[in-house]
Amino acid sequence: MLDFVFEKYRDMKGFMQDMVDRVREINEKYKTPRVKMNRWVSAVLLLLRLYLLCLVLLLVFKFYTIIKGNGLI
Amino acid sequence: MASVSDLYYNYRRVIKAIVTYLMIAGPGLIVMIADNDAGGITTYAATGAKYGYNLLWFLIILGPVAYIVQEMTVRLGAVTKRGHAEAIFDAFGSFWGWFSLFDLGLTDWLTLITEFIGMTAAASIFGIPPIITIVVVLIIMWAMVLGGKYWTWEKIMLAFCALNLVFIPAAIMVHPDISAVIKGATIPNFPGGLNGELLFFLMANIGTTIAPWMIFFQQSSVVDKGMKEKDIPFGKLDTAMGAVFTILIAVFCVIVTGTLLYGAKVDSAAQAAQELMPINPWVGTMLAIGLFDAGLIGAICISLASSWAWGEVVGWAHSLNHGSAQAPGFYLFYFLTSTTAAAVVLIPGAPLVLITLFVQVIAVTLLPAAMVFLIILLNDEEIMGKYKNTLFQNILGGLIVLSLIILSTLYAVSTLFPELLK
């Protein structure tokens, strides 16, 4: 029984390691953005990050109000 | 005067163009009609019941808007031979790539749940239990892709799309006031003034016309079909035809509920179909069939949009021309997303209303990014060459993207905090 558990654990570990290696490979492959990063593009991407940050904050605030409303905090 | 040979030459040229178009047609028509998914039909049904024919003009404006955004994906796909997810990784690096991929996966999965909600609700009108509906739908969805031929899949999809035209005879059967329809379609007006509720309806209609999965789906579909630069004009025509059909379906759906349910409170298309049954059983049945079909088309396209995107990036074989043995990861992803989304609908007490609302908010986290990336990519001469955006296309596309970002953000915020628009 214990051998079976260890075998499954090793299989799972191998699978996770493969996934991590694959992600690293993808990150390496796309390390350098191909698009020309002029001032406009950089500014737009910065605005996009700020926009997404605001949306995430709004979502977090909404969840906080829901949880607070349910008396969980 | 034209000679017989000239006439014959022109005749052959027209026939050849039509044959070529029929071979290229598909991605644009399918994506645009799939855009009228279960959520879309619900929005149109509610819009008709609330405002009658008064907002038809607004729906008509949305046709060119959808065309302008989707046309860019045709050019990008045909030139780069890459889907949108892979194009984002390549052009903007892995941070934006992973963000888009995970956000697309989540948005698509949540939207898939809403498609299954729509289909089970439509089938329940005919007394079919949800479990039967879901099993049958999953079998159809799997059988369609396992054929190992993009061509076969596309033709079956086009048949489903043709079924979506059921709203046209339904609208004719309700005998609408033609002069009122023409007035509503041609004279812009804001019934009751531009108040919070009307703004919410306008934004909901925009939200259902442009969805982030559409950008990913059409570009991947163009690549899977093997379209080349020379096919771009036909791809554009295909997208324009799709935009015409999507607006036709939306308009006729609004006419149905605007004629028979004007003034009633409609929360879903299934409810509208049920309320129509005692008034006109044929029209009620047609609306239910249309809702089911819309959900099915949407579910198939959305599952594929995610599977294509993940396949492109992770490096799995990811074409409908591959069999399941050649592309196991691609098909497994397709099966897993569709099955898990369907299973959620069957969970007793699952927060389906909350999921339906949450979809809109999550979609807004992806839509601006996907559209901004599209515009930037279409302006990169190194990537697009002579197919890059012209100044006119940039002004038009830029204005549309900016307007869509503002309105969809307002929609998401008003969904999260409804008291803001009251």
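List of remarks:
- Residues of the stretch B:245-288 satisfying the condition of being touching a Cys at 6+ places or on another chain (Cβ under 9 Å) and more than 14 Å from B:Ile125 (Cβ to Cβ): B:Phe245
- Only listed residue being surrounded by fewer than 22 Cβ atoms within 10 Å (Cβ to Cβ), more than 10 Å from chain A (Cβ to nearest Cβ) and within 24 Å of B:Glu197 (Cβ to Cβ), chosen from B:Val413, B:Val344, B:Val353, B:Val359: B:Val353
- Subset of the stretch B:26-64 (residues that are of a type in the set (A, V, I, L, M, F, W, C) and surrounded by fewer than 19 Cβ atoms within 10 Å (Cβ to Cβ)): B:Trp57, B:Ile60, B:Ile61
- Extreme residue, farthest from the other protein chains (Cβ to nearest Cβ), among residues of the stretch A:9-48 that are within 18 Å of B:Leu377 (Cα to Cα) and charged (D, E, K, R): A:Arg39
- Residue within the stretch B:164-181 that is within 16 Å of B:Cys301 (Cα to Cα) and either among the hydroxyl-bearing types (Ser, Thr, Tyr) or touching a residue at least 40 places away in the same chain (Cβ under 8 Å) (or both) present: yes
- B:Lys155, sole failed condition from (1) in contact (Cβ under 8 Å) with a residue 60 or more places away in the chain; (2) among the basic types (Lys, Arg); (3) loosely packed, with under 14 Cβ neighbours inside 10 Å: (1)
- With respect to the conditions (1) away from every other protein chain (no Cβ under 14 Å); (2) part of a helix (DSSP H, G or I); (3) free of Cβ contacts under 8 Å to residues at least 40 places away in the same chain, B:Tyr331 lacks only one, and its number is (3).
- From B:Gly77, B:Gly39, residue being closer than 15 Å to B:Asp267 by Cα and assigned to a helix (DSSP H, G or I): B:Gly39
- Candidates B:Val69, B:Val136, B:Val65, B:Val74, filtered to the one that is β-branched (Val, Ile, Thr) and more than 20 Å from the chain's Cα centre (by Cα): B:Val136
- B:Glu382 being over 21 Å from B:Ala211 (Cα atoms), outside any loop (DSSP other than H, G, I, E, B) and at the interface with another protein chain (Cβ under 8 Å from one of its Cβ atoms): yes
- Top-ranked residue of the stretch B:306-328 - restricted to ones that are outside any helix (DSSP H, G or I) and within 14 Å of chain A (Cβ to nearest Cβ), ranked as surrounded by the most Cβ atoms within 10 Å (Cβ to Cβ): B:Trp316
- Within the stretch B:228-246, being surrounded by fewer than 23 Cβ atoms within 10 Å (Cβ to Cβ) and of a type in the set (A, V, I, L, M, F, W, C) holds for B:Ile232, B:Phe234, B:Leu237, B:Ala240, B:Met241, B:Val244, B:Phe245.
- Selection of the stretch B:65-90 for residues being surrounded by fewer than 24 Cβ atoms within 10 Å (Cβ to Cβ) and within 14 Å of chain A (Cβ to nearest Cβ) yields B:Val79, B:Thr80, B:Arg82, B:Asp90.
Only the coordinates and a few stated rules stand behind these numbers; no lab work does. Note that the structure is a prediction, hence the values are computed from the model and not measured. So basically every Cβ, Gly included, is an ideal-geometry build from the backbone, and we count neighbours across all protein chains shown.
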